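The values are calculated or read from the model by the stated rules, or taken from the named source; none is laboratory data. Please read all numbers here as calculations on a predicted model, not as lab measurements. Note that we place each Cβ from the backbone using ideal geometry, even for glycine, and neighbour counts take in every protein chain shown.
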Amino acid sequence: MSDAPLITVITPVLNCARFITGCLENVAAQDCPQAIHLIVDGLSTDGTPELVREFAQKHPRVELISEKDSGQSDAMNHGIREARTPLIGFLNADDYYAPGTLNRVCKLAHDLPEPAFLYGNLHVWGDNDRDLGLNKPAPLSLYNLCRGKPFPLNPASYFYHKSLHELAGPYDIKDHMTMDLDFLFRASQHARIRYVDECWGNFRLIEGTKTQAELATGATFERQRVLINHYIRKLPLPLRIAARTANTVEPLAKKISRRLKRG
């Protein structure tokens with residue numbers, strides 16, 4: 001297998017000094033010579049860029065962009081534009097990959113026609129490593145998304161060709177809550193989908209994170225319903241009717257929300 005860069009892991013950050021070293025170490029520990037780790041920093045003031053620069057001195061495949069942006073989606077789009085590899089993935093600073101994930105993805109990628117979307121399972125963890133469950137997605141399709149079937153809850157469990165954005169468009173910079181899900185609705189209409197029944201990502205829903213707060217209040221589910229109502233119109237009429245009848249909220253996310261509310 002060639003060591004030429006094949007995949008860029010993009011980590012958008014803003015004041016993430018609490019997590020960034022662990023994130024950098026997790027990607028480096030993958031020991032994947034074909035991976036580049038691109039940190040897109042929104043001018044953090046807590047020392048995040050300094051920690052990245054220090055780490056990059058010993059890890060030449062770590063790269064840093066540090067400039068003002070208009071939020072997470074804008075930073076993600078910036079990372080996509082800067083990526084020089086055919087494959088990309090996103091890893092938030094407080095999440096992490098399972099051992100061997102990047103080498104596994106690179107091996108699978110050689111047989112994937114563009115634009116492909118490759119995804120696996122995701123383990124969800126709460127505070128104090130509390131096990132919140134395994135996200136094992138249903139087959140990814142517009143129909144299943146509109147039915148509220150289990151979908152990849154976090155980008156730590158999926159990777160795709162950068163060229164997919166030429167068909168599906170960029171992340172919505174006006175959406176600060178469900179930009180990942182919105183992209184899945186669009187990507188499912190254009191990508192060649194491949195699922196692997198392996199756990200690749202670890203998603204931490206811990207105190208002080210944006211996603212935990214949104215799940216606890218139920219805001220995520222309301223936004224999910226808005227997206228479903230928007231994209232369901234793209235289905236053929238018989239499937240549209242069936243999707244409206246079967247529509248529900250993603251079950252694991254709902255279960256986690258109830259746990260968070262109980263404390």
Filtered residues of the stretch 99-128 (kept if over 14 Å from the mean Cα position of the chain (by Cα), buried (at least 17 other Cβ atoms within 10 Å of the Cβ) and not in a helix (DSSP H, G or I)): 112, 115, 116, 125, 126
Flag if residue 93 is of a type in the set (Gly, Ala, Ser), under 17 Å from the mean Cα position of the chain (by Cα) and either buried (at least 21 other Cβ atoms within 10 Å of the Cβ) or farther than 18 Å from residue 168 by Cα (or both): yes
Condition broken by residue 157, with the remaining ones in (1) modelled with pLDDT under 70; (2) closer than 15 Å to residue 122 by Cβ satisfied: (1)
Verdict on residue 34 being over 24 Å from residue 70 (Cα atoms), under 18 Å from the mean Cα position of the chain (by Cα) and either surrounded by fewer than 24 Cβ atoms within 10 Å (Cβ to Cβ) or at pLDDT 95 or above (or both): no
